């Protein structure tokens, strides 16, 4: 379907990239036992091969909570001949579910099976900012952010009975505070609870001239 859309608009939009998306084997809000890379590669390989066969340009794995599973997804993408990006999610303290610091998660995966780049998704920018407290070149590996509209925790969102759309202006203000910490940030978008209002506000910040 996406390939047909790309062909339809090829004369006016010339740089469309199709990302085949995969998710964690379990529940990202309530992750189970850690996975070994080879086990995770075997689990994700059929879907990634199907995405490659269908014409995806790359694979992006979203809401990942475990470094072993992340490394396995990278291995499966390599086997399918596709570039791959890994997107971790973090709790309100900026750490992955289970307590692993974001910096350690990125450096661990890079040491075993380095993806083309990393992102963070399914978290509010105020939560992500706490995960960026440790300085280092590992931050340069983060090219993308896809935020939740809500500042609630994963546990609170998991029990919610109504959508929390947050405040687009507050979301943008929180993003503006962490933007200087990410020198190579080039992908900004929305995750849970967001709509065109949130994305348009974030996009407005992305177009602001630098210092």
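The values are calculated or read from the model by the stated rules, or taken from the named source; none is laboratory data. Treat the numbers as computed from the prediction; the structure is a model and nothing was measured. Note: ideal-geometry Cβ built from the backbone for every residue, glycine included; neighbour counts use all protein chains shown.
Between 17, 13, the distinction of being surrounded by fewer than 20 Cβ atoms within 10 Å (Cβ to Cβ), in contact with a strand residue (DSSP E or B) (Cβ under 8 Å, 6 or more places away or on another chain) and assigned to a loop (DSSP other than H, G, I, E, B) belongs to 17 only.
Matching residues to (1) surrounded by 21 or more Cβ atoms within 10 Å (Cβ to Cβ); (2) over 20 Å from residue 102 (Cβ atoms); (3) touching a strand residue (DSSP E or B) at 6+ places or on another chain (Cβ under 8 Å):
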| position | (1), (2), (3) |
| --- | --- |
| 123 | yes, no, yes |
| 159 | no, yes, no |
| 165 | no, yes, no |
| 173 | no, yes, no |
| 176 | no, no, no |
| 179 | no, no, no |
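Against the test of being surrounded by fewer than 14 Cβ atoms within 10 Å (Cβ to Cβ), closer than 22 Å to residue 103 by Cα and more than 17 Å from the chain's Cα centre (by Cα), the options 32, 81, 55 yield a single qualifying residue, 32.
Which of the residues belonging to region 105-121 are part of a helix (DSSP H, G or I), buried (at least 24 other Cβ atoms within 10 Å of the Cβ) and touching a residue at least 40 places away in the same chain (Cβ under 8 Å)? Within region 105-121, just 109 meets the criteria. Looking only at region 59-77, decide whether some residue is over 29 Å from residue 153 (Cβ atoms) and surrounded by fewer than 18 Cβ atoms within 10 Å (Cβ to Cβ). No: region 59-77 contains no residue that is over 29 Å from residue 153 (Cβ atoms) and surrounded by fewer than 18 Cβ atoms within 10 Å (Cβ to Cβ).
Pairing residues of region 11-29 that are at pLDDT below 90 with residues that are loosely packed, with under 15 Cβ neighbours inside 10 Å, at Cβ distances under 6 Å and at least 6 apart in sequence or on separate chains, gives 26/32; 29/158. Does region 183-206 contain any residue that is outside any helix (DSSP H, G or I) and without any contact (Cβ under 8 Å) to a residue 24 or more places away in the chain? Checking region 183-206: not a single residue is outside any helix (DSSP H, G or I) and without any contact (Cβ under 8 Å) to a residue 24 or more places away in the chain. Checking region 89-99 against the condition returns no match, with no residue being in contact with a strand residue (DSSP E or B) (Cβ under 6 Å, 6 or more places away or on another chain), closer than 27 Å to residue 1 by Cα and surrounded by fewer than 22 Cβ atoms within 10 Å (Cβ to Cβ).
The set of residues from region 93-104 being outside any loop (DSSP other than H, G, I, E, B) and within 15 Å of the chain's Cα centre (by Cα) comprises 95, 102, 103. Which residue out of 190, 136, 131 is surrounded by fewer than 15 Cβ atoms within 10 Å (Cβ to Cβ) and touching a helix residue (DSSP H, G or I) at 6+ places or on another chain (Cβ under 7 Å)? After applying the criteria, what remains is 136.
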